[in-house]
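As structure tokens, the structure follows; a few thoughts come after it.
The values are calculated or read from the model by the stated rules, or taken from the named source; none is laboratory data. Being a predicted model, the structure only gives us computed values, none of them experimental. Neighbour counts run over all protein chains shown; Cβ positions are idealised from the backbone, glycine included.
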Amino acid sequence: MATSVTSSTSTVSTVPTTPAVPGPSVKTVREVEALLKRAGFNPGKADGKVSPAFTSALKEFQTAWGLTANGSIDAKTLGKLRDTGKRVKEHAHKKDAYVSVGQKSGSIKTLEQRLARLGYDVGKADGIYSRETADAVKKFKADQSSLKKNAASGALSKKSRSVLFSEYKRAIHAPERARVRASKSLAALDKRTGTAAARGVAEGAKGSVVTNIQKHLKAAGFDPKHTTGKFDERTEGAVKNFQRKAGLPVTGVVDTKTWNSLKTSYILNSKAPQSLGERSSLVKKSEQYLKKLGFKTGKVDGLYSASTQKAVRAFEKKHHLKVDGEISAAEAKKLKALANKKTSVTSNMRRLAKNARSTAMSMGGYTSHGLCATGVSRAIQKTYGIKVWGNGNQIDNNLPKNKFKQVKMSLAKALKIPGMILTWEHTSTRLGSIYGHTAITLGDGHSSASDFIESNTIAGNRSRRGLKIFLPIK
């Protein structure tokens, strides 16, 4: 009987697998590290390895450009990196402070914060120049007459950064006030605005009430850039900045409290005195008069600042007026009269100027020999028959008070009057820093004389400190 043996074989089945995708080469990683670093991102240690820091930096860059933020080096990402790196390198050579999408820095964060402060939506102000940042920049440029031509570009450079800084500075001051003529129509509009504010006026609102709010914001010094009656993001930014400086809740919505504070930006009483916070042509004229009389108002720009107030108080004190730091109509009239009053030139003043010139020509001509006090003393002695001792910064204390009095006057005005005594406490030279300088005006608007004739005393004054001016009274 035959036996059959059946042998069985087992078949092993294998599951097909996807081949592993090779990672980026060391060379590619090193290139990306360098490009990320050039654009301002931190890829970590430059070792050609894909680290967590490298991946994080790459994701930030991809997010800025609106790419898929997967931290992988794909063709699109590498292309954007190379383009961005090339752009950064080109503008670094130009030194034009150019920044755009795909860059990161502390200065970009500052720019984003300023844009956001003005009301433009930059997304997250994190120092990464994203497409949202670029969109905000485009809107900002469109609102600036000096940048409109380049509004299609979402980049910032020296000029646009300067404009942005100026706009930002204008948004971080105390509320101002402007003079506006009162009228029945304005009163009615203000009443309607008050009614609307009770409900709340916010972004998206339109109409005459919004226009009125925008004009009041402009008067307060928070320029919304538009008075078209459309409550846009820049108007909201202006409202927030006003609220912030007025001590109100920062909501960007004009409610009753905000409107009650904002409407005081109009000075409707024509007889109201000029005072702190007012910006007007009246204030600018007063500042010009004060400066002409020798009072330090700071910048002559039409804003009644703390410096203006200090100058007004000094003026009031000197002329025995009520010292309140405000300029009433009567005080403004007196200020104008004094500023326009011409100094009477006596025969002795003319003689003093003539003797100062001849003394200077006999001593140094047009070259100083460091004997300014000697020259001035000789001219005074020739004119008045008296000796005045001391060096340049002492002679002012030794002038006879019955013959000379100190006056507040600008140097420019004094130089137009012959025979005025000028003294400085210090000059920029070694000896001048100790002994000062003194001279006598010749009345031609620019020259003075001591031991020499100085043809441009205004220019000389730039390197001197502690000017005092004395007027001969006999």
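Residue-wise test of (1) crowded, with 16+ Cβ neighbours inside 10 Å; (2) modelled with pLDDT under 95; (3) in the same structural domain as L293 (by TED's automatic domain parsing).
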{"position": "S358", "(1), (2), (3)": "no, no, no"}
{"position": "G364", "(1), (2), (3)": "yes, yes, no"}
{"position": "G385", "(1), (2), (3)": "no, yes, no"}
{"position": "K401", "(1), (2), (3)": "no, yes, no"}
{"position": "P418", "(1), (2), (3)": "yes, no, no"}
{"position": "E425", "(1), (2), (3)": "yes, yes, no"}
{"position": "S428", "(1), (2), (3)": "no, yes, no"}
{"position": "L431", "(1), (2), (3)": "no, yes, no"}
{"position": "Y435", "(1), (2), (3)": "yes, yes, no"}
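I need the full set of residues from region 157-171 which are surrounded by 13 or more Cβ atoms within 10 Å (Cβ to Cβ) and not basic (K, R), in order please.
S157, S160, S162, V163, L164, F165, E167, Y168, A171
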Please give the number of the condition T193 fails out of (1) surrounded by 18 or more Cβ atoms within 10 Å (Cβ to Cβ); (2) under 31 Å from the mean Cα position of the chain (by Cα). (2)
Filter region 92-115 down to residues that are of a type outside the set (K, R), surrounded by 17 or more Cβ atoms within 10 Å (Cβ to Cβ) and assigned to a helix (DSSP H, G or I), then give me how many there are. 4
What's the total number of residues in region 117-139 that are within 21 Å of K169 (Cα to Cα), touching a helix residue (DSSP H, G or I) at 6+ places or on another chain (Cβ under 6 Å) and among the hydrophobic types (A, V, I, L, M, F, W, C)? 4
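Inspect region 153-165 for any residue being in the same structural domain as R244 (by TED's automatic domain parsing), in a helix (DSSP H, G or I) and free of Cβ contacts under 8 Å to residues at least 60 places away in the same chain and give the result as yes or no.
Among the residues of region 153-165, not one is in the same structural domain as R244 (by TED's automatic domain parsing), in a helix (DSSP H, G or I) and free of Cβ contacts under 8 Å to residues at least 60 places away in the same chain, which makes the answer no.
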Counting only residues that are of a type in the set (A, V, I, L, M, F, W, C) and crowded, with 20+ Cβ neighbours inside 10 Å, which one in region 283-314 is nearest to M409 (Cα to Cα)? L293
What about D451, is it acidic (D, E), part of a loop (DSSP other than H, G, I, E, B), farther than 26 Å from A311 by Cα and free of Cβ contacts under 8 Å to residues at least 40 places away in the same chain? no
Out of (1) without any contact (Cβ under 8 Å) to a residue 60 or more places away in the chain; (2) closer than 12 Å to E176 by Cβ; (3) not charged (D, E, K, R), what's the single condition that is false for F315? (2)
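Yes or no, residue by residue, for (1) assigned to a strand (DSSP E or B); (2) out of contact with any Asp or Glu (no Cβ under 9 Å at 6 or more places or on another chain); (3) closer than 20 Å to S347 by Cβ:
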site: N391; (1), (2), (3): no, yes, no
site: N402; (1), (2), (3): no, yes, yes
site: K405; (1), (2), (3): yes, yes, yes
site: A412; (1), (2), (3): no, yes, no
site: G445; (1), (2), (3): no, yes, no
site: A459; (1), (2), (3): no, yes, no
Which residue is nearest to D223 (Cα to Cα), if the candidates are limited to region 123-152 and must be under 24 Å from the mean Cα position of the chain (by Cα), of a type in the set (S, T, N, Q) and assigned to a loop (DSSP other than H, G, I, E, B)? Q144
Single condition L67 does not satisfy, out of (1) surrounded by 15 or more Cβ atoms within 10 Å (Cβ to Cβ); (2) part of a helix (DSSP H, G or I): (2)
